[in-house]
Structure formats: structure tokens, C-alpha cells
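The values are calculated or read from the model by the stated rules, or taken from the named source; none is laboratory data. Just so it is clear, the structure is predicted and the values come from calculations on it, not from any experiment. For neighbour counting, all protein chains shown are included, and Cβ atoms are generated from backbone atoms with ideal geometry for every residue, glycine included. To get the accessible areas, we keep the full protein, side chains included, count just its heavy atoms, and leave off ligands, DNA and RNA. Shrake-Rupley method; radii C 1.70, N 1.55, O 1.52, S 1.80 Å.
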Amino acid sequence: MTIVGYLTYPLVHKMLTFHAGVKSFRAIQSPDPTDDKQWLTFWLLFGLFDLICFVTGILGFLIPFYDEAKVGFLIFMGAFGGAHKIYPILEPFLLQGDEVAKKYEPLLEQHAKRLRDMAEAKAKELGKHE
């Protein structure tokens, strides 16, 4: 890792987030649905990229030019329409992951409801003691 990459990544990350936010706003305002898809795709892949960076960041210092590669990837995604080029490659994997997620959604909803009910009961119990 070089100091340039280490310092540049957070700056580029924030600048790209702002740039993509402005572009997304303009896409929502325009009547053309093509740019909406472009920026939705960008945000999906940006979120995945950010998650992967969070997980791999622990060992990133072992990979030469890790931060520089992240900066390059962000620039490719935001400035050169990289999301539109990468999405077709990742789409089959995302579809498989979505099928798995659909199987577990009812189970997660059950657990969330149970936790919500427990929290509401606890809140009512605490409210009675005041």
C-alpha cells in the first residue's frame, strides 16, 4: 500500500458518491428511463463493491496496490460507465443469490416480527414502571 492510494481512496469515494448522487437525481428528473437503469445499476454494484471492500479491507494491506486498484475501479464505475459493462457479467450470480434470498425471507420476517413484538412488550412493561 502506498500513501497516495491510502489517502486518495477516501477522497475519491466521497467525490464519486456525491457525483453519482447528483447524476441519480438528474436521472430521476429526466423522462428517459435509460439513465434511471444506469444509475440503479451503478448503486447496486457500488454497494456490493463497498461491502467487499469492508470485508477484504482487513487483509488489504497484504495486496500490493490494493487502494490504488480500488480508486481505479471507482473511477471506472463512475466516470466511464463501468457498472453498465460489469452488470451483465455479475447478473447470473445475482439472480442465483436472489433465489436463495427469497427462500429465507419468510424466516427472516418471522424473526423480525417476533423481535418487534418482544421489544413492544418490553417498552410497554417499562412504561408501566414510570
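First select every other residue whose beta carbon is under 12 angstrom from the beta carbon of residue 23; then total the charges, Lys and Arg +1, Asp and Glu -1.
In short, -1.
Counting heavy atoms of the protein chains only and a 1.4 Å probe, report the per residue accessible area for the chain as a whole number of Å².
With all protein chains present, the chain gives 76 Å² per residue.
Once you list every other residue whose beta carbon is under 15 Å from the beta carbon of residue 112, what net charge do they have if Lys and Arg are +1 and Asp and Glu are -1? Before the final figure, lay out each step's value.
Numbers: positive: 113, 114, 116; negative: 105, 109, 117, 120.
Once all neighbours under 15 Å are counted, the net charge is -1.
Would you work out what percent of the accessible area of region 7-130, with all protein chains in place, is carbon or sulfur (probe 1.4 Å)?
Solvent-exposed carbon and sulfur of region 7-130 make up 71 percent of the total.
For region 59-99, compute the orientation-averaged projected area of the C-alpha convex hull (one quarter of its surface), in nm².
3.9
Please go through region 1-90 and write out the chymotrypsin sites (Phe, Trp or Tyr not before Pro) that DSSP classes as loop and that have at most 15 other C-beta atoms within 10 Å.
Hits after loop and neighbour filter: 65, 80.
Assuming a strict under-28 Å limit between Cα atoms, what lysine pair count do you get for the chain once near-sequence pairs (fewer than 8 apart, same chain) are dropped?
18
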